[in-house]
Amino acid sequence: MRSRLGNALLCACLLAVGTAATADNSAAAHERAVEQVKYDALMALRESLTREVDAQFPTRSRVSVYLEAPVAQFVLRNVSLRVDAGEPIVKKYTRKQALALLERGADRLLRFNAAPGTHRLTLEFSGALERPNGQDLVIDDTLELEFETKPNSQAFIMPAAPKILRPVRTFSDLGERATWNWKSVADDPRLDYVRYLWDTDRYLPGLMELLRAAGPANTDEPSAPGFDTLMAEAYLNFGMRDHAKRSAMAARDSEPEPTALTHVWLQLAQLDYKNGNYAGAAYAIAQIPADVPEAQQADFLDLRARIFMAQGEYGQAAALLGGIANPAPLLRYNHAVALIKSGNTARGRAELNAVGAGQASEARLRERANLVLAYHLLDQAGGDGAKSALQRLPLNGPYANSGLLALGWAEIAGAQDNPDASRLRRALAAWELLASRDRLDPAVQEALISVPYAHEQFGHYERAVRGYQNAIDAYTQIAGQLRGAAKRLRQGNFREAILSDDAGSLPRTGNLERIFTEGRFRAHAQNYRHLKGLQLAVAEHDGPKRLRDRLEQAAEEEIVRAHEAIAAGVDQQIRNLEQYLIDARLGLVRNSNRLKSSGQRGS
């Protein structure tokens with residue numbers, strides 16, 4: 001008897017970290033249809049938002065005031081902005097918001113209509129200049145600016161920076177670009193405001209601001225540098241792969257910050273990889289220049305290697321990863337996988353062993369490496385080599401059950417090569433411990449049939465008969481429970497749980513954590529969230545009813561598909577149980593016949 005789960009685990013684990021689905025033409029066509037609905041909604045919002053801004057803040061009187069924090073280590077705490085003698089606008093900043101301003105953002109403090117004439121902006125702010133010794137210096141300061149109303153819209157950037165550290169340029173007037181010397185003349189604070197909103201987890205407001213910055217669809221005005229990259233990022237966050245690719249290609253000649261565009265191509269390649277579109281992933285990764293910024297190099301090499309492996313190019317993946325000096329543990333793990341799959345088994349095992357034994361690896365990666373190494377040794381080289389790797393696994397953890405199952409098979413393999421009752425007892429002890437755990441876990445399900453198998457090897461046929469009968473009873477009960485779960489899931493009553501990623505509110509199936517991370521389920525669940533969000537936004541901005549109905553219908557289709565994706569995973573569990581039932585019934589008959597022929601009455 002061989003471990004069915006063990007073989008499946010070996011095949012699944014001998015993949016680079018990062019799962020990939022198989023491409024499917026019908027699924028791709030469905031995604032394109034959903035993407036088109038999203039695009040139509042975004043374009044409708046773009047037109048509505050442009051009209052609203054123009055109506056509320058006419059160009060002839062519109063003034064926007066932005067805040068930047070341009071000095072490293074000066075962490076803003078609060079600001080107060082006053083226009084002329086009016087009431088001040090007061091804002092407090094959390095540390096996360098202050099760091100987002102330091103990183104790449106600008107916050108819009110105010111947009112208003114200015115009457116003709118001269119006006120004064122007064123900004124008071126307070127923050128702390130952080131020092132390595134921990135003795136931060138609290139600084140309060142004030143900035144003032146007088147400006148004249150002009151016939152075109154104006155925008156001012158006011159830097160929250162102490163006077164002693166303040167750059168020469170302090171204000172920016174988009175209405176008169178000749179005066180722009182705070183940053184490059186190409187900079188646009190509206191885009192920095194979008195980045196700030198996204199970096200502080202306000203994605204939908206940021207998207208709305210990006211659409212406002214885009215202006216009407218029929219405009220002849222060229223996009224601001226950086227706009228296409230942000231639009232590509234927005235499309236990607238909405239799962240809109242085709243439009244993201246078009247925007248990323250448009251940004252190649254206009255993006256002033258290569259790191260930002262590299263990030264978009266990496267995201268696009270990752271999306272295609274997860275969806276099984278390896279050719280698309282390879283194309284996206286090829287758009288990234290060879291001199292990848294150091295901060296993105298590890299992600300770039302890791303993904304490029306996984307794409308090679310997904311395409312069966314294990315030698316190229318091994319060569320790529322093998323050329324990295326002092327690789328991170330994740331890259332070293334994937335290098336080990338590539339070596340094994342390319343036929344360099346001994347070196348691959350040595351690399352897996354190094355990751356599994358090394359303390360530099362994150363605990364979960366270390367445990368995965370030990371489990372993969374153990375199953376590979378168990379499958380290829382008998383049980384002895386596997387035990388040392390398995391003994392590194394904790395008794396409780398994400399891989400503990402699979403480890404106990406493998407430990408039992410390692411002892412059995414050793415006993416077959418060199419008959420030893422103590423090995424059989426150790427296998428039985430590991431499996432009995434495992435069989436006492438949650439029976440919805442696939443490893444526990446295999447343990448239920450492995451325990452009587454061990455008794456059978458001892459020649460304890462009556463215990464084996466009882467064990468196989470217990471397994472049959474358990475499998476029948478579990479299968480009934482899973483069929484009920486699949487039925488309830490197909491009734492589609494778990495919208496809120498799926499919307500909030502709350503696996504605890506779904507029927508228990510034993511594999512929900514895996515399903516919740518699978519590309520197919522996540523794509524449908526995310527589509528549902530996006531479509532519902534767009535439907536609300538379109539309704540809020542008086543979009544056409546026909547479009548709202550299309551969004552509603554598309555959202556309903558996605559939530560049905562999300563429920564079905566979970567139910568299909570449950571169906572696969574049921575099929576596995578049915579095979580275990582066949583094995584258990586055969587074991588029951590086999591050992592019952594042995595009892596009859598031997599006259600054994602107990603042991």
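The values are calculated or read from the model by the stated rules, or taken from the named source; none is laboratory data. Treat the numbers as computed from the prediction; the structure is a model and nothing was measured. No Cβ is skipped: glycine too gets one built from the backbone with ideal geometry, and neighbour counts run over all protein chains shown.
The table below gives the values:
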item	result
Residue within region 486-505 that is crowded, with 20+ Cβ neighbours inside 10 Å and of a type in the set (Gly, Ala, Ser) present	yes
Residue among 339, 261, 303 that alone is buried (at least 19 other Cβ atoms within 10 Å of the Cβ), over 27 Å from residue 35 (Cα atoms) and not aromatic (Phe, Trp, Tyr)	339
Out of 120, 77, sole residue that is closer than 30 Å to residue 260 by Cβ and of a type outside the set (A, V, I, L, M, F, W, C)	77
Exclusive hit being charged (D, E, K, R) and under 28 Å from residue 449 (Cα atoms), set 351, 362, 411	411
Given (1) in a loop (DSSP other than H, G, I, E, B); (2) touching a residue at least 40 places away in the same chain (Cβ under 8 Å); (3) farther than 30 Å from residue 244 by Cα, index of the condition residue 134 fails	(2)
Hits in region 530-560 - residues which are surrounded by 20 or more Cβ atoms within 10 Å (Cβ to Cβ) and part of a helix (DSSP H, G or I)	530, 531, 534, 535, 537, 538, 551, 554, 555, 558, 559
Qualifying residue in region 345-364 (condition: outside any helix (DSSP H, G or I), of a type in the set (Ser, Thr, Tyr) and over 19 Å from residue 310 (Cα atoms))	yes
Pick from region 357-411, criterion among the acidic types (Asp, Glu) and within 24 Å of residue 438 (Cβ to Cβ), ranking: surrounded by the most Cβ atoms within 10 Å (Cβ to Cβ)	411
Qualifying positions in region 209-232 - at pLDDT 90 or above, closer than 18 Å to residue 54 by Cβ and either aliphatic (A, V, I, L, M) or out of contact with any helix residue (DSSP H, G or I) (no Cβ under 6 Å at 6 or more places or on another chain) (or both)	210, 211
Test for residue 246: is it within 30 Å of residue 93 (Cβ to Cβ) and surrounded by fewer than 22 Cβ atoms within 10 Å (Cβ to Cβ)	no
Region 409-424, residues that are under 43 Å from the mean Cα position of the chain (by Cα) and at pLDDT 70 or above	409, 410, 411, 412, 413, 423, 424
Single residue of region 418-449 satisfying the filter (out of contact with any Ser or Thr (no Cβ under 6 Å at 6 or more places or on another chain), of a type outside the set (A, V, I, L, M) and assigned to a helix (DSSP H, G or I)) that is farthest from residue 580 (Cα to Cα)	422
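Yes or no, residue by residue, for (1) assigned to a helix (DSSP H, G or I); (2) modelled with pLDDT of 90 or more; (3) under 30 Å from residue 515 (Cα atoms); (4) out of contact with any Cys (no Cβ under 9 Å at 6 or more places or on another chain):
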| site | (1), (2), (3), (4) |
| --- | --- |
| 26 | yes, no, yes, yes |
| 48 | yes, yes, no, yes |
| 55 | yes, yes, no, yes |
| 63 | no, yes, no, yes |
